[in-house]
1. Condition (residue is of a type outside the set (Asp, Glu), modelled with pLDDT of 90 or more, farther than 22 Å from residue 114 by Cβ and out of contact with any His (no Cβ under 7 Å at 6 or more places or on another chain)) applied to segment 2-13: is it met by at least one residue?
2. Restricting attention to segment 27-56, and to residues there that are closer than 21 Å to residue 89 by Cα and buried (at least 18 other Cβ atoms within 10 Å of the Cβ), which single residue is farthest from the chain's Cα centre (by Cα)?
3. Given the residues 132, 31, which is the only one that is among the acidic types (Asp, Glu), closer than 18 Å to residue 17 by Cβ and at pLDDT below 95?
4. For segment 57-97, enumerate the residues that are outside any helix (DSSP H, G or I) and either touching a Leu at 6+ places or on another chain (Cβ under 8 Å) or in contact (Cβ under 8 Å) with a residue 12 or more places away in the chain (or both).
5. Across segment 98-129, what is the number of residues that are surrounded by 10 or more Cβ atoms within 10 Å (Cβ to Cβ), part of a helix (DSSP H, G or I) and either among the polar types (S, T, N, Q) or modelled with pLDDT under 65 (or both)?
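The values are calculated or read from the model by the stated rules, or taken from the named source; none is laboratory data. This one's a predicted model, so the numbers in the text were calculated from it and none came from an experiment. Note: ideal-geometry Cβ built from the backbone for every residue, glycine included; neighbour counts use all protein chains shown.
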Amino acid sequence: PSARAGRVDRADARSIRVLFSVVAQGAQVSDAKAERAANAAIRLLELDPIGASTGAPTAESLDRALRGAAALPPLARPVLVRQLASLLPADAAPEVRDALRLLSVAIDAPPPPRPARPRPRPALERATVDEDDEALAAIDA
């Protein structure tokens with residue numbers, strides 16, 4: 001942990017809740033879902049669950065939350081990022097996913113994987129025998 005303005009940075013439940021609240025707002029996820037996900041992350045990270053709901057995040061609370069997350073043990077930071085990523089819906093805006101990747105960089109954790117995109121099937125795979133016969137019949141007509 002690093003000292004800044006006389007305080008020692010450390011992760012706590014309130015900081016984790018701030019991060020989940022910010023991600024949830026960006027992803028348009030309900031506060032209740034964000035709170036459940038934050039509580040699950042707090043348990044996984046083995047943090048003291050003290051620290052109720054954060055209210056609306058401020059720049060100061062976000063700064064404190066980022067410093068606290070960066071102070072997590074190195075192997076705990078990817079766990080936090082994965083938990084934050086699990087909060088995102090499949091159709092989350094690219095900007096929200098980019099913000100989560102930036103958060104990963106800020107706390108020195110690997111970024112979450114990009115969501116898998118379905119690969120388009122080549123045209124030859126899409127065509128079936130019946131479609132081919134119909135196309136040929138239309139040409140002959």
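1. Residues of segment 2-13 of a type outside the set (Asp, Glu): 2-8, 10-11, 13.
Retained after the next criterion (residues that are modelled with pLDDT of 90 or more): none.
Scanning segment 2-13 turns up no residue that is of a type outside the set (Asp, Glu), modelled with pLDDT of 90 or more, farther than 22 Å from residue 114 by Cβ and out of contact with any His (no Cβ under 7 Å at 6 or more places or on another chain).
2. 42
3. Values: 132 fails: closer than 18 Å to residue 17 by Cβ.
Only one candidate passes the filter, namely 31.
4. From segment 57-97, those outside any helix (DSSP H, G or I) are 57-58, 71-76, 87-93; that's our starting set.
If the condition is that a residue be outside any helix (DSSP H, G or I) and either touching a Leu at 6+ places or on another chain (Cβ under 8 Å) or in contact (Cβ under 8 Å) with a residue 12 or more places away in the chain (or both), then 57, 71, 72, 74, 76, 87, 88, 89, 90, 92, 93 are the ones that fit.
5. Counting residues in segment 98-129 that are surrounded by 10 or more Cβ atoms within 10 Å (Cβ to Cβ), part of a helix (DSSP H, G or I) and either among the polar types (S, T, N, Q) or modelled with pLDDT under 65 (or both) gives 1.
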